[in-house]
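Data block below; observations after.
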Amino acid sequence: MAERAALEELVRLQGERVRGLKQQKASAEQIEEEVAKLLKLKAQLGPDEGKQKFVLKTPKGTRDYSPRQMAVREKVFDVIISCFKRHGAEVIDTPVFELKETLTGKYGEDSKLIYDLKDQGGELLSLRYDLTVPFARYLAMNKLTNIKRYHIAKVYRRDNPAMTRGRYREFYQCDFDIAGQFDPMIPDAECLEIMCEILRSLQIGDFLVKVNDRRILDGMFAICGVPDSKFRTICSSVDKLDKVSWEEVKNEMVEEKGLAPEVADHIGDYVQQHGGISLVEQLLQDPELSQNKQALEGLGDLKLLFEYLTLFGIADKISFDLSLARGLDYYTGVIYEAVLLQTPVQAGEEPLGVGSVAAGGRYDGLVGMFDPKGRKVPCVGLSIGVERIFSIVEQRLEATEEKVRTTETQVLVASAQKKLLEERLKLVSELWNAGIKAELLYKKNPKLLNQLQYCEEAGIPLVAIIGEQELKDGVIKLRSVASREEVGGRPKRRPCGRNQKENKPAPLHLLS
């Protein structure tokens, strides 16, 4: 046994060495050499006499959520849902998996991240990648041409997870979309207003919303000399400018995607510009861009959008950024992305973006891809990146060590003496029937100190104490757990608020 334990330890250490070399991106030869050693050790170890070891863990890119974490998530969801409802949205739901052909060809280079399910005989299925394509399928299938909806659900991506930055393989999306034929830029402006409302309400820090238009991008690529066949792949490269330098993006365009260096330089002259409505007006006068019909339409709509955003009072939060590309294939018009800003290190420096927390745009052609007659339903929407927001909120709570209540219990029904279980059960039942959130300890004769301690640990604000004297008087004693102040209680089976002898009315409004 001791010999086997020593061998198991060697296997563990060698396994750690192999993982370390992979993380350090060591040479393939060195990794292969160490893997061979590991396999040799495992061969020496042999089978574990029929006993199979099972490692308890969640799959890569997923996680469990504790009651504390779920309490935080629910508060965030409440803020988001109340905003969606405030703007008149209805709620829908769709299956977690779709026909594979429904999702195929909608996400450009990101299509490789779709999870395909094993063929169960009959239908080829995939887990949904986002909530937008299923929504478009829903509209086409039900022949809907007008709806304002929200949808909060999990989506799945075979991505490289970065858990600390809120990047998972299974995660929630919170989508709001307006479908229908309306006057230009009014629904688009409302989507940006909703995005700003939610980010302000969550109080997670200063933010900036970048906007652009796919028509401006396509027009810019055309005048710069990008072949039509390379528009989407070059768009995908430009979209990386918020993460890497222009030189790296240019290198990818030229070396990997075969773009001429002078064409890439021409693109660079445009995509490194950002500003407000003044930049829109400047580009409307651009001798090359103004000659392109697509770009001119996009710039005209953006000018109108900025006018509406000024009326909403959020124009100062919006930046026209020509590098914003949004890699998804289905966008056709305005696109936008909200990023949190890092405080400048020194005065005079520009704030740095620390990550996208919301995004969206206009996709007028997606529903038509599913309609047998190709009928289009114009759509615009947004998606809140809640996982990123959860990560930020959780980190702040850990830093401040703020206590988070994981239940909503308003009162604990307690007893001061023994043999009062029946009275506790009757009272807690009365409270439940009145719609009051109440608990009791699952012991026949719990000690009063233990009951009060439970209240403090769970954050329960009030405790209703039943004792022999209270039973004789037909009242209960109500104690505030925080202040320890006690007041005489509510007369049993009498309207709330009447005095009993010298007792004050119990503050039962706190429970309702």
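The values are calculated or read from the model by the stated rules, or taken from the named source; none is laboratory data. Given the structure is predicted, the values throughout are model-derived calculations rather than measurements. Backbone-built Cβ (ideal geometry, glycine too); neighbour counts: all protein chains shown. To get the accessible areas, we keep the full protein, side chains included, count just its heavy atoms, and leave off ligands, DNA and RNA. Shrake-Rupley method; radii C 1.70, N 1.55, O 1.52, S 1.80 Å.
Residues in the range 145-160 that are touching a strand residue (DSSP E or B) at 6+ places or on another chain (Cβ under 6 Å) and either closer than 17 Å to Gln69 by Cα or buried (at least 18 other Cβ atoms within 10 Å of the Cβ) (or both): Ile147, Arg149, Tyr150, His151, Ile152, Lys154, Val155, Tyr156. Could you give every pair whose Cβ atoms fall below 8 Å, whose first residue belongs to the range 1-13 and is of a type outside the set (Gly, Ala, Ser), and whose second residue is open to solvent by 60 Å² or more (accessible area, probe 1.4 Å), counting only separations of at least 6 or pairs across chains? As it stands, the answer is Leu7/Gln44; Val11/Lys42, since those pairs meet every condition given. All conditions but one from (1) out of contact with any Phe, Trp or Tyr (no Cβ under 6 Å at 6 or more places or on another chain); (2) in contact (Cβ under 8 Å) with a residue 60 or more places away in the chain; (3) among the β-branched types (Val, Ile, Thr) apply to Val386; the one that does not is (1).
You will find that of Gly258, Gly275, Gly298, the residue that is in contact with a strand residue (DSSP E or B) (Cβ under 8 Å, 6 or more places away or on another chain) and more than 20 Å from Arg362 (Cα to Cα) is Gly275 and no other.
Of all residues in the range 113-131, none are open to solvent by 30 Å² or more (accessible area, probe 1.4 Å), under 16 Å from Val367 (Cβ atoms) and in the same structural domain as Tyr363 (by the TED database). Scanning the range 314-323 for residues that are within 15 Å of Asp218 (Cα to Cα) and open to solvent by 10 Å² or more (accessible area, probe 1.4 Å) yields Asp321, Ser323.
Restricting attention to the range 252-272, report how many residues are within 25 Å of Val211 (Cα to Cα) and open to solvent by 50 Å² or more (accessible area, probe 1.4 Å).
Initially, the range 252-272 is screened for residues within 25 Å of Val211 (Cα to Cα), giving 252-253, 263-272.
When the remaining residues are screened for being open to solvent by 50 Å² or more (accessible area, probe 1.4 Å), the result is 265, 269, 272.
Residues flagged as within 25 Å of Val211 (Cα to Cα) and open to solvent by 50 Å² or more (accessible area, probe 1.4 Å) within the range 252-272 amount to 3.
Here Met163 meets the list (1) of a type in the set (A, V, I, L, M); (2) in contact with a strand residue (DSSP E or B) (Cβ under 7 Å, 6 or more places away or on another chain); (3) modelled with pLDDT under 95 almost entirely, failing just condition (2).
What do you reckon, is Ile392 touching a residue at least 12 places away in the same chain (Cβ under 8 Å), over 29 Å from Leu199 (Cα atoms) and β-branched (Val, Ile, Thr)? No; evaluated as a whole, the condition is false for this residue.
Given the criterion open to solvent by 80 Å² or more (accessible area, probe 1.4 Å) and modelled with pLDDT of 85 or more, identify the matching residue among Lys25, Lys51, Lys37. Reasoning before the result, please.
Numbers: Lys25 fails: modelled with pLDDT of 85 or more; Lys51 fails: modelled with pLDDT of 85 or more.
The unique qualifying residue is Lys37.
Tell me, yes or no, whether the range 420-430 has at least one residue that is open to solvent by 80 Å² or more (accessible area, probe 1.4 Å), charged (D, E, K, R) and touching a residue at least 12 places away in the same chain (Cβ under 8 Å).
At the first step, the residues of the range 420-430 found to be open to solvent by 80 Å² or more (accessible area, probe 1.4 Å) are 422, 425-426.
Remaining after also requiring charged (D, E, K, R): 422, 426.
Now narrow it down to the ones that are touching a residue at least 12 places away in the same chain (Cβ under 8 Å): none.
For the range 420-430, residues open to solvent by 80 Å² or more (accessible area, probe 1.4 Å), charged (D, E, K, R) and touching a residue at least 12 places away in the same chain (Cβ under 8 Å): absent.
Assess whether Ser229 counts as being closer than 22 Å to Thr332 by Cβ and assigned to a strand (DSSP E or B). Step through it out loud before you land on a result.
Details: closer than 22 Å to Thr332 by Cβ: yes; assigned to a strand (DSSP E or B): no.
No: the conditions fail for Ser229.
Restricting the first member to the range 451-476 and to residues that are within 15 Å of Leu431 (Cβ to Cβ) and assigned by the TED database to the domain that holds Ser415, and the second to residues that are of a type in the set (Ser, Thr, Tyr) and surrounded by fewer than 21 Cβ atoms within 10 Å (Cβ to Cβ), the beta-carbon pairs closer than 6 Å and six or more apart or on different chains are Ile460/Thr409.
Residues that are of a type in the set (Lys, Arg), at pLDDT 95 or above and open to solvent by 90 Å² or more (accessible area, probe 1.4 Å) occur at least once in the range 433-442. Hey, among the residues in the range 54-96 that are basic (Lys, Arg) and more than 24 Å from Arg158 (Cα to Cα), which one's least open to solvent (accessible area, probe 1.4 Å)? The qualifying residue least open to solvent (accessible area, probe 1.4 Å) is Arg68. Selection within the range 176-219: residues that are among the polar types (S, T, N, Q) and in contact (Cβ under 8 Å) with a residue 60 or more places away in the chain. The member of this set that is farthest from Gln395 (Cα to Cα) is Gln181. One residue stands out in the range 181-217 among those that are under 22 Å from Val367 (Cα atoms) and assigned to a loop (DSSP other than H, G, I, E, B): the one that is most open to solvent (accessible area, probe 1.4 Å), namely Gln181. The requirement of being within 24 Å of Arg388 (Cα to Cα) and assigned by the TED database to the domain that holds Ser229 is not satisfied by Val254.
The residues of the range 135-152 that are more than 10 Å from Ile92 (Cβ to Cβ), in a strand (DSSP E or B) and either hydrophobic (A, V, I, L, M, F, W, C) or not assigned by the TED database to the domain that holds Pro372 (or both) amount to a single one, Ile152.
Quick check on Leu305: is it open to solvent by less than 20 Å² (accessible area, probe 1.4 Å) and touching a strand residue (DSSP E or B) at 6+ places or on another chain (Cβ under 8 Å)?
yes
Of the residues making up the range 360-369, those that are closer than 30 Å to Arg167 by Cα and not basic (Lys, Arg) are Gly360, Gly361, Tyr363, Asp364, Gly365, Leu366, Val367, Met369. Here Thr94 passes the criteria (1) in contact with a Pro (Cβ under 6 Å, 6 or more places away or on another chain); (2) farther than 30 Å from Arg326 by Cα except the one numbered (2). Hey, does the range 398-419 have a residue that's closer than 30 Å to Leu199 by Cα, at pLDDT below 85, open to solvent by less than 90 Å² (accessible area, probe 1.4 Å) and out of contact with any Phe, Trp or Tyr (no Cβ under 6 Å at 6 or more places or on another chain)? Within the range 398-419, one or more residues are closer than 30 Å to Leu199 by Cα, at pLDDT below 85, open to solvent by less than 90 Å² (accessible area, probe 1.4 Å) and out of contact with any Phe, Trp or Tyr (no Cβ under 6 Å at 6 or more places or on another chain).
If I go through the range 94-134 residue by residue, how many of them are among the aromatic types (Phe, Trp, Tyr), without any contact (Cβ under 8 Å) to a residue 60 or more places away in the chain and either part of a loop (DSSP other than H, G, I, E, B) or within 30 Å of Val238 (Cα to Cα) (or both)? Walk me through how you get there before you give the answer.
Going residue by residue through the range 94-134, those that are among the aromatic types (Phe, Trp, Tyr) are 97, 107, 115, 129.
Then drop every residue that is not without any contact (Cβ under 8 Å) to a residue 60 or more places away in the chain, which leaves 97, 115, 129.
With the extra rule that they be either part of a loop (DSSP other than H, G, I, E, B) or within 30 Å of Val238 (Cα to Cα) (or both), the set shrinks to 115, 129.
Count: 2.
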